[in-house]
Amino acid sequence: MKKYMALGLVIALAGCAPDEEEPESETGEDIDDQEDETTDEDGEAFDVEDGEYEEIATGLEAPWSIVRADDDEFFITERAGAIVHIDGEEVTQEDINLNEEVWDEGEGGLLGMVLVPEGDEEAIVYHTYEDDEGTVLNRIVAIERDAEGWQETDVLLDDIPGDTIHDGGRLAIGPDDHLYATTGDADVEELSQDTDSLAGNILRMELDGSVPEDNPFDDSYVYSYGHRNPQGIDWSGDGRMFSSEHGPTAQDEVNEIEVGSNYGWPEITGDEEAEGMESPIFESGDDTWAPSGAAFAGESDFYVTGLAGEELMRFDVDNGEMETVFEGEGRLRDVLIDGDALYVITNNTDGRGDPDEDDDRLLRLGN
């Protein structure tokens, strides 16, 4: 296990990060709008002062997903194949022992993580691997924490198509207590329109990995399809599901997800329309956000991190408004909303950013 730099409780003033060129769907220009107030899960205003934050942990290595375990306790996945445990001022990198080795080339690696409700240090993770024939795949597995780190205990779903790009990877437990997972098209566009494929979808399953009887397609994990590379999902306070999705260079999307619906990739992009396909409620046009992690506050405020855009965005899904609420710290991979605080992780060490000495970091915004 690796001990990280001690917890830093530092208030810093954010600067402006330069534009950069990046491959495929994580490229684009900064978006300059900056606001200083947002809302918490009860609709009360967050106090997100212009550019200020508190460092909770530094020295992270290409972090991907934030999980809150307790008041001062977090778990963060690192793409190379470790889980960082933050407990108060102690920050430790913990090993994860999987039956298939994590493959962390390109956009693959150890990605999404959720804690099992009522579990005793049990979790579910999504990761990329390479099989004996050299085929890149993704799998969803149950893990359990012990004195040696984390151990794989069960395979919930395997053989999800993978590649160096477009692996999806976000996990979330919905209000219905089912597990949801986002998958990318694995750089094979036509798979997204094939409901017999696990690629280019949002999947839904029981926590034991079985197919729910009320899924929209018989004996299938597919909940929605026609996705390119969705990396964020969450539910509003009134139970509506939304997702963030990488577009082709630009035309990134925020979608309201309806059961069994087709979100059009690659037949339609951006604000294009076609019969039987859903268009996004927001799209970036010629700009690129490269949206990743997402979280809801209240019934209408959907927060999404931007990688190429290097910002935290708030989308008012009821009024069609978008604003930038935090920027200047480089690439942002995931966001967590808990009570009156927003947490984000930077992602400047993923090979596409310009890391500072202390990157990557877990930052706390808010009161």
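The values are calculated or read from the model by the stated rules, or taken from the named source; none is laboratory data. Only a predicted model underlies this, so the values are computations on that prediction, with no experimental measurement involved. Note: ideal-geometry Cβ built from the backbone for every residue, glycine included; neighbour counts use all protein chains shown.
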Original post:
Would segment 189-198 turn up any residue that is closer than 21 Å to residue 232 by Cβ and in contact with a helix residue (DSSP H, G or I) (Cβ under 9 Å, 6 or more places away or on another chain)?
Top reply: yes
Subject >> Single residue of 114, 136 found to be modelled with pLDDT of 95 or more, of a type in the set (A, V, I, L, M, F, W, C) and under 24 Å from residue 335 (Cα atoms) >> reply: 114
**OP:** Identify the single condition in (1) modelled with pLDDT of 95 or more; (2) at negative phi; (3) under 18 Å from the mean Cα position of the chain (by Cα) that residue 338 does not satisfy, given that it satisfies every other one.
**Re:** (1)
Original post:
Failed condition for residue 359, given (1) under 19 Å from the mean Cα position of the chain (by Cα); (2) surrounded by fewer than 24 Cβ atoms within 10 Å (Cβ to Cβ); (3) part of a strand (DSSP E or B); (4) not polar (S, T, N, Q), with all others met?
Top reply: (3)
Original post:
Restricting the first residue to segment 121-135 and requiring it to be free of Cβ contacts under 8 Å to residues at least 60 places away in the same chain and under 19 Å from residue 184 (Cα atoms), which pairs with a second residue that is of a type in the set (S, T, N, Q) and crowded, with 24+ Cβ neighbours inside 10 Å meet a Cβ separation below 7 Å and a spacing of at least six or different chains?
Top reply: 125/77; 126/138; 127/138; 128/138
Original post:
Do we have any residue at all in segment 17-27 that's surrounded by 19 or more Cβ atoms within 10 Å (Cβ to Cβ), in a loop (DSSP other than H, G, I, E, B), polar (S, T, N, Q) and at pLDDT below 60?
Top reply: yes
Subject >> Total residues in segment 326-345, condition out of contact with any Leu (no Cβ under 8 Å at 6 or more places or on another chain) and in a loop (DSSP other than H, G, I, E, B) >> reply: 4
**OP:** Identify all residues within segment 199-217 that are closer than 14 Å to residue 262 by Cα and assigned to a loop (DSSP other than H, G, I, E, B); write none if there are none.
**Re:** 199, 200, 216, 217
**OP:** Those residues that are in a loop (DSSP other than H, G, I, E, B), over 20 Å from residue 304 (Cβ atoms) and under 18 Å from the mean Cα position of the chain (by Cα), I need them from segment 161-184; list them, please.
**Re:** 162, 163, 164, 178
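Tally the residues that are among the small types (Gly, Ala, Ser) and crowded, with 21+ Cβ neighbours inside 10 Å, restricting the search to segment 122-171. Explain how you work it out, then say what you get.
First, pick out the residues of segment 122-171 that are among the small types (Gly, Ala, Ser): 123, 134, 142, 147, 149, 162, 168-169.
Now restrict to residues that are crowded, with 21+ Cβ neighbours inside 10 Å: 123, 162, 168-169.
The qualifying residues number 4.
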Subject >> Scope segment 101-121; condition surrounded by fewer than 23 Cβ atoms within 10 Å (Cβ to Cβ) and either within 12 Å of residue 145 (Cβ to Cβ) or acidic (Asp, Glu) (or both); matching residues >> reply: 101, 104, 105, 115, 116, 118, 119, 120, 121
**OP:** Could you figure out which of (1) modelled with pLDDT under 95; (2) over 24 Å from residue 310 (Cα atoms); (3) of a type outside the set (Ser, Thr, Tyr); (4) under 22 Å from the mean Cα position of the chain (by Cα) isn't true of residue 2?
**Re:** (4)
Original post:
Can you name the condition, by its number, that residue 185 falls short on among (1) farther than 22 Å from residue 242 by Cα; (2) among the charged types (D, E, K, R); (3) touching a helix residue (DSSP H, G or I) at 6+ places or on another chain (Cβ under 7 Å)?
Top reply: (1)
Subject >> Given (1) among the charged types (D, E, K, R); (2) surrounded by 17 or more Cβ atoms within 10 Å (Cβ to Cβ); (3) at pLDDT 85 or above, index of the condition residue 95 fails >> reply: (2)
**OP:** Under 6 Å between Cβ atoms, at least 6 apart or on separate chains: pull out the pairs that start in segment 261-283 with a residue that is in contact (Cβ under 8 Å) with a residue 40 or more places away in the chain and end on any residue that is in a loop (DSSP other than H, G, I, E, B) and among the basic types (Lys, Arg).
**Re:** 265/228
Original post:
If we scan segment 228-247, do we find a residue that is touching a residue at least 24 places away in the same chain (Cβ under 8 Å), farther than 30 Å from residue 152 by Cβ and among the polar types (S, T, N, Q)?
Top reply: yes
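Out of the residues in segment 296-310 that are assigned to a loop (DSSP other than H, G, I, E, B) and within 18 Å of the chain's Cα centre (by Cα), which is surrounded by the fewest Cβ atoms within 10 Å (Cβ to Cβ)? Let's see the steps before the verdict.
Quick first cut of segment 296-310, residues assigned to a loop (DSSP other than H, G, I, E, B) only: 298-300, 307-310.
If we keep only those that are within 18 Å of the chain's Cα centre (by Cα) too, we end up with 307-310.
Values: 307: 29, 308: 29, 309: 25, 310: 30.
Once the filter is applied, the top-ranked residue is 309.
Residues that are in a strand (DSSP E or B), in contact (Cβ under 8 Å) with a residue 12 or more places away in the chain and on the phi < 0 side of the Ramachandran plot: does segment 96-107 have at least one? Give the steps one after another, and end with the answer.
Within segment 96-107, the subset in a strand (DSSP E or B) is 96-97.
When the remaining residues are screened for being in contact (Cβ under 8 Å) with a residue 12 or more places away in the chain, the result is 96-97.
Still in the list and also on the phi < 0 side of the Ramachandran plot: 96-97.
Within segment 96-107, one or more residues are in a strand (DSSP E or B), in contact (Cβ under 8 Å) with a residue 12 or more places away in the chain and on the phi < 0 side of the Ramachandran plot.
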**OP:** Could you identify the single residue in 194, 131, 154, 187 that is acidic (Asp, Glu) and under 22 Å from the mean Cα position of the chain (by Cα)?
**Re:** 187
